[in-house]
1. In the set TRP171, TRP166, which member is in a helix (DSSP H, G or I), touching a helix residue (DSSP H, G or I) at 6+ places or on another chain (Cβ under 9 Å) and surrounded by fewer than 17 Cβ atoms within 10 Å (Cβ to Cβ)?
2. Kindly check whether there is at least one residue in the stretch 34-57 that is surrounded by 14 or more Cβ atoms within 10 Å (Cβ to Cβ), out of contact with any helix residue (DSSP H, G or I) (no Cβ under 8 Å at 6 or more places or on another chain) and either modelled with pLDDT of 75 or more or among the basic types (Lys, Arg) (or both).
3. For the condition assigned by TED's automatic domain parsing to the domain that holds SER179 and polar (S, T, N, Q), what is the one hit in THR122, THR55?
4. Which of (1) surrounded by fewer than 16 Cβ atoms within 10 Å (Cβ to Cβ); (2) hydrophobic (A, V, I, L, M, F, W, C); (3) over 24 Å from VAL117 (Cα atoms) does VAL181 not meet, given it meets every other one?
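The values are calculated or read from the model by the stated rules, or taken from the named source; none is laboratory data. Remember, predicted model here, so these are calculated numbers, not experimental data. Cβ placement follows ideal geometry from the backbone for every residue including glycine, while neighbour counts extend to all protein chains displayed.
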Amino acid sequence: MHDSVTRDTRTDRVWTIPNALSVLRLIGIGVFLWFLLGPHWDVAALAVLVVSGITDYLDGYLARRLGQNSRIGELLDPLADRLYIFAVVIGLALRDLIPWWMAVVLPLRDLVIWGLVPVLRTRGVRALPVHFLGKAATFNLLYAFPLLLLADGDGVGAMLCRVLGWSFAIWGIALYWWSAVLYVLQTRQLLRSTPPLGAVGQ
């Protein structure tokens with residue numbers, strides 16, 4: 001019953017305010033990389049990160065508030081989030097602001113999650129519910145990236161940003177992967193408890 005209600009509240013509309021914010025975030029990825037890797041306008045790059053974080057919150061809030069949940073929004077929002085994280089870690093690694101292992105482990109976690117999707121669909125499930133740990137991980141990373149960008153310099157302020165940035169980053173990475181382990185365990189349990197779609201009614 002709950003699934004049918006969820007489907008009924010989604011629309012096929014494309015041009016909604018939440019979707020426009022997701023598109024804005026996608027455009028911001030290229031702008032951020034240009035600021036960071038081109039003229040090294042770190043303050044402008046930081047501003048893009050802040051705007052991206054605000055729009056990430058607003059699109060979900062407005063979708064619920066205005067009743068503008070849409071099918072394309074369900075694709076755009078997570079796509080923008082994942083591309084945003086990927087672009088930021090690659091950009092910061094190219095600037096030598098973070099080590100390359102960090103630029104590898106975060107996208108690798110997303111590949112693990114994406115690898116579960118075909119398995120879930122064999123049981124008629126589109127995706128597992130978003131886990132609190134995943135939200136906590138994203139929260140930590142959203143703070144870590146701007147702080148690590150501000151840490152590029154000398155002085156007490158840069159050192160403080162470096163310490164805080166790495167604290168958020170380490171916790172964010174740990175929680176990010178912990179949530180992935182929980183998703184794998186949930187998928188394993190689903191496979192054991194739910195028959196494949198073709199086996200239902202046989």
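1. TRP166
2. Checking the stretch 34-57: at least one residue is surrounded by 14 or more Cβ atoms within 10 Å (Cβ to Cβ), out of contact with any helix residue (DSSP H, G or I) (no Cβ under 8 Å at 6 or more places or on another chain) and either modelled with pLDDT of 75 or more or among the basic types (Lys, Arg) (or both).
3. Working: THR55 fails: assigned by TED's automatic domain parsing to the domain that holds SER179.
Going through THR122, THR55 in turn, just one is assigned by TED's automatic domain parsing to the domain that holds SER179 and polar (S, T, N, Q): THR122.
4. Failed condition: (3).
Quick grid of which residues meet (1) touching a residue at least 60 places away in the same chain (Cβ under 8 Å); (2) loosely packed, with under 14 Cβ neighbours inside 10 Å; (3) out of contact with any strand residue (DSSP E or B) (no Cβ under 6 Å at 6 or more places or on another chain):
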position	(1), (2), (3)
GLY60	no, no, yes
LEU76	no, no, yes
ALA87	no, no, yes
PRO99	no, yes, yes
ASP152	yes, no, yes
